[in-house]
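Single-structure report; data block below.
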Amino acid sequence: MSDVGTLVDAKVAAAEARTDTKIARVEGKLDLVVAKIDALGERFNELRDDNRATRANQWVIGLGLAVLIIAVAALFPVFFDLGSKVRDMVDHAVQAHALKNP
């Protein structure tokens, strides 16, 4: 009977050893997964910072364009009037030259 008991004890010990080995492998794989998740978290933080910078640039460009559009709209009459004055000066100079040299 002791041989049977010893055999059972050996089988149980072998099963425990296999189970311990499997648990150790699973723990190693789990540590690897946790490390990769941590690395992804750090990468997401970097991307979030990049997105903040991009958004800030977009706001600056948008506001700059808005100011430019408002300035052009506000100064359009000045430019139009300046063009009319130049045209009148050119017409006057042409007429004066035409009268001087018939």
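The values are calculated or read from the model by the stated rules, or taken from the named source; none is laboratory data. Predicted model, so just to flag it, every value in this text is computed and none were measured. Here the Cβ positions follow ideal geometry from the backbone for every residue, glycine too, while neighbour counts run over all protein chains shown.
Observations
- ASP49 being modelled with pLDDT under 85, assigned to a helix (DSSP H, G or I) and under 23 Å from the mean Cα position of the chain (by Cα): yes
- One residue alone among VAL72, VAL78 is part of a helix (DSSP H, G or I) and modelled with pLDDT of 85 or more, and that residue is VAL72.
- When the stretch 74-98 is limited to residues that are surrounded by 10 or more Cβ atoms within 10 Å (Cβ to Cβ) and aliphatic (A, V, I, L, M), the one that is nearest to the chain's Cα centre (by Cα) turns out to be LEU75.
- Residue among ASP9, ASP3, ASP38, ASP31 that is acidic (Asp, Glu), assigned to a helix (DSSP H, G or I) and surrounded by fewer than 10 Cβ atoms within 10 Å (Cβ to Cβ): ASP3
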